[in-house]
């Protein structure tokens with residue numbers, strides 16, 4: 001560690017001496033380094049975007065969703081939200097998540113709280129009540145979204161839609177359309 005620190009100090013001293021003796025060359029080198037760093041950041045951003053598009057395209061089929069684990073499904077939902085324009089998308093799933101798997105800020109600026117249920121069976125009223133409780137207590141003011149690879153029972157759907165702040169529901173049929181980008185979670189602006 002000490003050797004690295006000494007080496008950094010020596011390199012900085014030599015670079016400063018060179019810059020004082022050759023200001024034109026030093027400015028040119030600095031401009032090239034800044035351009036290279038900016039280009040590298042832009043390239044990294046493009047690679048991340050391409051990987052996200054490839055991941056989403058590979059996992060839009062419900063048959064693939066059915067084979068996912070809960071955390072994999074949550075990650076897919078988070079990636080789709082990012083692709084839709086959500087910012088500050090945070091996967092919170094696991095123990096201690098407060099009843100919410102993902103939080104994000106919508107393109108219009110409103111906070112969203114998402115509960116993901118990768119179920120092969122139906123989602124019942126108790127799961128909806130638990131999510132509504134989390135929204136009322138810990139995530140007040142958030143738009144609640146319940147996304148499931150299954151279906152909600154009639155009672156669960158009624159509870160979700162008749163709540164003080166109704167939930168946005170993405171059940172299996174709408175999930176297929178949402179994963180491919182044919183429908184959105186946020187209201188679309190009229191041009």
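Taken together, the values in this text are just the output of simple stated rules run on the coordinates, not laboratory data. Given the structure is predicted, the values throughout are model-derived calculations rather than measurements. Backbone-built Cβ (ideal geometry, glycine too); neighbour counts: all protein chains shown.
Quick notes on this structure:
- Alpha-carbon centroid distance for the pair the stretch 117-175 / the stretch 59-88, whole angstrom: 17
- Gyration tensor verdict on the chain (Cα atoms; rounded if a/c is under 1.5, prolate if a/b is larger than b/c, oblate otherwise): prolate
- Using a Förster distance of 25 Å, the FRET efficiency for residue 2-residue 33 (Cβ separation, nearest 0.05): 0.40
- Global form of the stretch 135-191, assessed from the alpha-carbon gyration tensor, a/c cut-off 1.5: oblate
- Relative to the current alpha-carbon distance between residue 9 and residue 162, full extension at 0.36 nm per residue lengthens the span by 48.5 nm.
- Applying 1/(1 + (r/R0)^6) with r as the Cβ-Cβ distance of residue 177 and residue 137 and R0 = 30 angstrom yields a FRET efficiency of 0.40.
- Taking a point 7 Å from the Cα of residue 52 along the Cα-to-Cβ direction, the residues of the stretch 81-113 with backbone N closer than 18 Å to it are 81-92, 102-113.
- Percent of beta bridges antiparallel (DSSP, the chain, rounded to nearest 5): 40
- Three-way shape call for the stretch 2-58 based on the alpha-carbon gyration tensor, with the a/c threshold at 1.5: oblate
- Acute angle (nearest 10 degrees) that the helix 125-137 long axis makes with the longest principal axis of the chain, alpha-carbon atoms: 50
- Computed [θ] at 222 nm, helices only, for the chain once each DSSP H run of length n ≥ 4 contributes -39500 (n - 2.57): -18000 deg cm²/dmol
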